[in-house]
Amino acid sequence: RAGLHMRRPVAAEESTGLPAPREGTRVRPVHRHDSGLPVSQDVRSVHRMLEESFADHWGSYRESFAEFVQRLIETPEEAGWDQWWIAEILREDRWLPAGGLVAVPTTATTVEGEGTYLEYLGVHRSARGHGIAKALLRAAIADAAERGRTHVDLEVDADSPTGADGLYAAMGWETFERTQS
């Protein structure tokens, strides 16, 4: 399998200048308690969106919620709750989870400033084609710009059944490395 490592530069004006989500779609950060910890229902929603969206991908493994939480405990850098988003879609007067995005900061190097890495982005099958992925990506780009970061990186399966690499390219990501596994 080929993996594409893609990068998109971020401009300061993107903190407020990106298009809003389509009507009937919204993106919000996971809700958090005063302690900073996330509301468990939102963590469950993100987990469910990721599991459903990757079910048709090569090498997919069904990770139980308990395994998901255990992995977060073991790798707390993945639990930067202020960079977790949920996309919701309006259906029959109710906002329903439609997608999730988990991002983490990347350390600045001598070549690149601090960036954002998109760990996971998933859109539930029933919500595909409604601009959910674009809305989540724009939220992550705006957040990176607001934080003064210089770029947003991600990795995608070159043979993704959803054609995700095409969406990323259309939104300004360019492949800077290709790996084989």
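The values are calculated or read from the model by the stated rules, or taken from the named source; none is laboratory data. The shown structure was predicted, so the numbers you read here are calculated from the model rather than taken from an experiment. Note that we place each Cβ from the backbone using ideal geometry, even for glycine, and neighbour counts take in every protein chain shown. Accessible surface areas use protein heavy atoms only, side chains included; no ligands, DNA or RNA. Shrake-Rupley method; radii C 1.70, N 1.55, O 1.52, S 1.80 Å.
Going by the structure shown, is residue 107 of a type in the set (S, T, N, Q), open to solvent by less than 80 Å² (accessible area, probe 1.4 Å) and out of contact with any strand residue (DSSP E or B) (no Cβ under 7 Å at 6 or more places or on another chain)? No. Screening residue 115 against (1) out of contact with any Asp or Glu (no Cβ under 7 Å at 6 or more places or on another chain); (2) open to solvent by less than 30 Å² (accessible area, probe 1.4 Å) leaves a single unmet condition, (1).
Taking only pairs six or more apart or across chains, which ones have beta-carbon atoms under 8 Å, a first residue in region 135-163 that is within 24 Å of residue 89 (Cα to Cα), and a second residue that is of a type in the set (Lys, Arg) and surrounded by fewer than 21 Cβ atoms within 10 Å (Cβ to Cβ)? What qualifies is 135/22; 135/26; 162/128. Residues that are at pLDDT below 90, over 17 Å from residue 46 (Cα atoms) and aliphatic (A, V, I, L, M) occur in region 146-158; there is at least one. Would you be able to say whether some residue in region 57-66 is touching a strand residue (DSSP E or B) at 6+ places or on another chain (Cβ under 7 Å) and at pLDDT 90 or above? Checking region 57-66: not a single residue is touching a strand residue (DSSP E or B) at 6+ places or on another chain (Cβ under 7 Å) and at pLDDT 90 or above.
Looking only at residues in region 127-181 that are more than 23 Å from residue 10 (Cβ to Cβ) and of a type in the set (A, V, I, L, M), the one that is least open to solvent (accessible area, probe 1.4 Å) is 127.
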